[in-house]
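As structure tokens, the structure follows; a few thoughts come after it.
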Protein chains: 2
Amino acid sequence: MSDQIRFDLSQNDIPRFYYNINADNPVAPNPVLNPATLEPVTPDFLSVLFPMDLIMQEISTERYIEIPQEVLDIYKLWRPTPLMRAARLEKALGTPAHIYYKYEGTSPSGSHKSNTAVPQAFFNKIAGTKALTTETGAGQWGSAVSMAGKFFDLPVEVYMVKVSYNQKPYRRFLMETYGGEVYASPSDRTEAGRAMLAKDPNCNGSLGLAISEAVEVAAKSNGTKKYSLGSVLHHVCMHQSIIGEEALKQMDLAGEYPDVVIGCVGGGSNFSGIAYPFLRENLKNGQRARLLAVEPTATPSLTKGIFAFDYGDTAKMAPVVKMHTLGHDFMPPAIHAGGLRYHGMAPVLSSLVDAGYIEAAAVDQKSVFAAATAFAQSEGILPAPESAHAICAAIKEALDAKEKGEKRTILFNLSGHGHFDLTAYNAYKQGELGDSTYPDELIADIPNHLPKVPMVA
Amino acid sequence: MSDQIRFDLSQNDIPRFYYNINADNPVAPNPVLNPATLEPVTPDFLSVLFPMDLIMQEISTERYIEIPQEVLDIYKLWRPTPLMRAARLEKALGTPAHIYYKYEGTSPSGSHKSNTAVPQAFFNKIAGTKALTTETGAGQWGSAVSMAGKFFDLPVEVYMVKVSYNQKPYRRFLMETYGGEVYASPSDRTEAGRAMLAKDPNCNGSLGLAISEAVEVAAKSNGTKKYSLGSVLHHVCMHQSIIGEEALKQMDLAGEYPDVVIGCVGGGSNFSGIAYPFLRENLKNGQRARLLAVEPTATPSLTKGIFAFDYGDTAKMAPVVKMHTLGHDFMPPAIHAGGLRYHGMAPVLSSLVDAGYIEAAAVDQKSVFAAATAFAQSEGILPAPESAHAICAAIKEALDAKEKGEKRTILFNLSGHGHFDLTAYNAYKQGELGDSTYPDELIADIPNHLPKVPMVA
């Protein structure tokens, strides 16, 4: 057999610690504000929604946080994940670059989301939480939480944006097979939902409203139910650091070190997961890998948004944080990368981009699907539309290296598979994908949509 | 970290040879007959449909057939596949049995079918074939051939049963993303299709008719197009032997040897793939693993069918072989395990069951989905309905061991994932799955549906 293209670790190599970038972060953190008072939050405010262990992780500056044995035992179902060299894609591109990808789609729920769903379920379980509530758009996150909840015998209520609930039944059936209870949002189970239904009985829902419903159920449960979020928050991003820790070891097996590390960004968790361990190597061990966060031109929070304090959700129930934002009342275009349609961005990632430690780029929907199709046809794996943003940027890097006639080692995170996104692939093939650029006049109007936070801004 | 549950091989451990059970087969083979004359076929007859390398594999008695480097290079995209211990399922069942599964769903097309699609595409490519034709029901096989064809720059025409074409668009979109051309069958591209449309313009199609269309296109192409089949034939089953060869090494890593090896059967290829290397160990090296083929009660060819000469397809264009059959004009009930709805069974497997070297059992659809759901909720992976037949039998073995208070080591083949089968899971959850037992009066009538082959029968 000729050259290896897969670099496997054994189960003994699963990381035993989450890496916390805040131990090494050269950028000072900004306060988190109560959405009602715009004053810094207290742990009490957060403890209505989250168990104390996760709140402590959220604010920790410890460098390494031990992963509980019960969580490691679940990770073994799919970790370590493969790191592959995309040799056939390189050949198809005719590039001298070496392209590697870390593949998180081998998790049973199909994406990196399981990496944080499991510890979130575990820390809730040991805190005595009786049920989890969460929202989901396309369903990747809802699937991961439903699976993780079942593993720890913790019921899960998922508020799924109604248009997705009706149009994407496969994801819903998957959540239900794992035992999740899935409700179309707006539902009649919450005040927020009922108010919306009274106003518009045919409302199709939005992610912002689904968050409000899930948060409301947890907030009114007298502590029995807690809320679970799939990105943005620091503890969520930190759980994903196991991706980058494994990738560091696997690149070592491959005998190369990346010149550039690429991930797609919606809320920022899968990118943070692969990039922060490499950022640590940049900051502490003299490495110089470029770190590139890739977002859709339709939701250009990092590349065109404003770095400012804003609400985490449309209904102003979630904390106010300083982040790159398009405005909390941002209405995203109907692009197919449902996981990247958030108005904001993880605050830590935002501050690192702002300070120049991390690069950002935006790619348009048609280029993304062209890249996804080229990848499927050369490497076999059908990527999730979200992950295909990273592929698109990786291909651009590889073609740039080709043009310049230089060797370049590229690593990207393939955060999930696209088995539930085939209507989007068909729309691309049928030429039905429209322009996905967010209008400049709406960008110019963002400041008018932000909360007035004079004391800290 | 506590006990390992995944037993990984390196890419250097990918088998370099297909194992041919016919080198060690204690049962003499039966002749293959021309469907028109009912006389033994000549290679000329087969060469209209298949390249000579595959015909030679079909009739070979060499024990090991070398896998070409070009095929190994593609296998590296997903092989070796994982072998897992289902420790969480064991715990849920409270059984002293140890349950292992070989997972073929990590192949990009989602099942074991890629293992034979790739060599079939390769041997056609080097023989100068210009395009492949094939049929597909639910789409698992069509996806594998579409992907393999693209890898070798060989166009693929897929005739997809019309009811599936309309009801299961995701599989179709996947084939098209790989570059496959997918036609609803009956189509207006063949005489067989046009004749059926003339008779019934609203005809929903059948697998038998789709085979006839694919065979007709190849047969009338003056040798430019060849036909590709996903199971039943000996060379197809032999390509799958890499599953069992890997599993033997992985059980060794686990430090155990199976008491029973289980696979589901439709045409017989995935079962043959995992079982024949273990049968070799039984025949030549003194092992005593039981080998259990599991089929649906809806298509009980091994457990209730007749071991007799019959046509391979409904339209009597495919060769006549001696096999367990329900009759070539068998109309399968509309069960959800679309891959197991064939009327016959691989001839070699049939003869080994007939001679007592391999056991057979049938399980009903509701038990299969109950087993599939229990598996998903404990192990995470959502199994294909076909593969869930093997899970169902494995659970029965584990519960039998529990009842008898005995240790038992169970290995089954999880041949694919169920990401495209979620409507079936929902039907199960909604209580909509009907009785799937094939009626005894139809079983009694099978002899009246067989060709009269007095000279060899």
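The values are calculated or read from the model by the stated rules, or taken from the named source; none is laboratory data. The model shown is predicted, which means the values in this text are computed figures rather than measured ones. Note that we place each Cβ from the backbone using ideal geometry, even for glycine, and neighbour counts take in every protein chain shown. Calculation scope for accessible area: heavy atoms of the full protein, side chains included, ligands and nucleic acids excluded. Shrake-Rupley method; radii C 1.70, N 1.55, O 1.52, S 1.80 Å.
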* Asked: How many residues, within the stretch B:148-165, are part of a helix (DSSP H, G or I), at pLDDT 95 or above and surrounded by fewer than 23 Cβ atoms within 10 Å (Cβ to Cβ)?
  -> 1
* To do: Taking the residues in the stretch A:134-143 that are assigned to a helix (DSSP H, G or I) and farther than 14 Å from B:Gln377 by Cβ as candidates, determine which candidate is farthest from the other protein chains (Cβ to nearest Cβ).
  => A:Trp141
* To do: Those residues that are touching a Lys or Arg at 6+ places or on another chain (Cβ under 6 Å) and either free of Cβ contacts under 8 Å to residues at least 24 places away in the same chain or over 25 Å from B:Lys102 (Cβ atoms) (or both), I need them from the stretch A:62-91; list them, please.
  => A:Ile67
* **Filter result for B:Lys220 (open to solvent by 30 Å² or more (accessible area, probe 1.4 Å) and within 22 Å of B:Gln287 (Cβ to Cβ))** => no
* Restrict the check to the stretch B:408-427 and report whether at least one residue is open to solvent by 10 Å² or more (accessible area, probe 1.4 Å) and more than 30 Å from A:Pro169 (Cβ to Cβ). => yes
* **B:Thr61, sole failed condition from (1) open to solvent by less than 40 Å² (accessible area, probe 1.4 Å); (2) away from chain A (no Cβ under 14 Å); (3) assigned to a loop (DSSP other than H, G, I, E, B)** => (1)
* For the stretch A:26-43, state whether one or more residues are more than 30 Å from A:Ser212 (Cα to Cα), among the aliphatic types (A, V, I, L, M) and crowded, with 19+ Cβ neighbours inside 10 Å. => no
* Residue check, A:Glu135 against (1) open to solvent by 10 Å² or more (accessible area, probe 1.4 Å); (2) closer than 25 Å to A:Tyr19 by Cα; (3) of a type in the set (Asp, Glu), all met but one. Which one? -> (2)
* Asked: Does B:Ala390 satisfy being modelled with pLDDT of 95 or more, under 17 Å from the mean Cα position of the chain (by Cα) and not in a helix (DSSP H, G or I)?
  -> no
* To do: Scan A:Pro80, A:Pro15, A:Pro26 and give me the residue that is over 28 Å from A:Glu379 (Cβ atoms) and either in the same structural domain as A:Ile358 (by TED's automatic domain parsing) or of a type outside the set (Ser, Thr, Tyr) (or both).
  => A:Pro26
* **Every residue from the stretch B:5-15 that is at the interface with chain A (Cβ under 9 Å from one of its Cβ atoms), surrounded by fewer than 17 Cβ atoms within 10 Å (Cβ to Cβ) and in contact (Cβ under 8 Å) with a residue 40 or more places away in the chain** => B:Ser10
* Determine if the stretch B:289-306 includes at least one residue that is more than 16 Å from the chain's Cα centre (by Cα) and under 17 Å from B:Ala384 (Cβ atoms). => yes
* Please work out if A:Glu90 is within 14 Å of chain B (Cβ to nearest Cβ), surrounded by fewer than 23 Cβ atoms within 10 Å (Cβ to Cβ) and acidic (Asp, Glu). => yes
* Structure fact -> Considering the stretch A:371-390, residues that are more than 7 Å from every other protein chain (Cβ to nearest Cβ) and over 25 Å from A:Gly267 (Cα atoms), and then whichever is least open to solvent (accessible area, probe 1.4 Å), we arrive at A:Ser378
* To do: Identify all residues within the stretch B:341-377 that are part of a loop (DSSP other than H, G, I, E, B) and in contact with a His (Cβ under 9 Å, 6 or more places away or on another chain); write none if there are none.
  => B:His343, B:Gly344, B:Met345, B:Ala346
* Take the residues in the stretch A:231-269 that are open to solvent by 10 Å² or more (accessible area, probe 1.4 Å) and part of a helix (DSSP H, G or I), then tell me which one is nearest to A:Tyr75 (Cα to Cα). => A:Glu245
* Structure fact -> Here the residues within the stretch B:59-81 that are among the hydroxyl-bearing types (Ser, Thr, Tyr) and over 19 Å from B:Lys113 (Cβ atoms) are B:Ser60, B:Thr61, B:Tyr64
* Structure fact -> Flagged in the stretch B:174-194 as in a helix (DSSP H, G or I) and either among the charged types (D, E, K, R) or under 22 Å from the mean Cα position of the chain (by Cα) (or both), in numbering order, are B:Leu174, B:Met175, B:Glu176, B:Glu191, B:Arg194
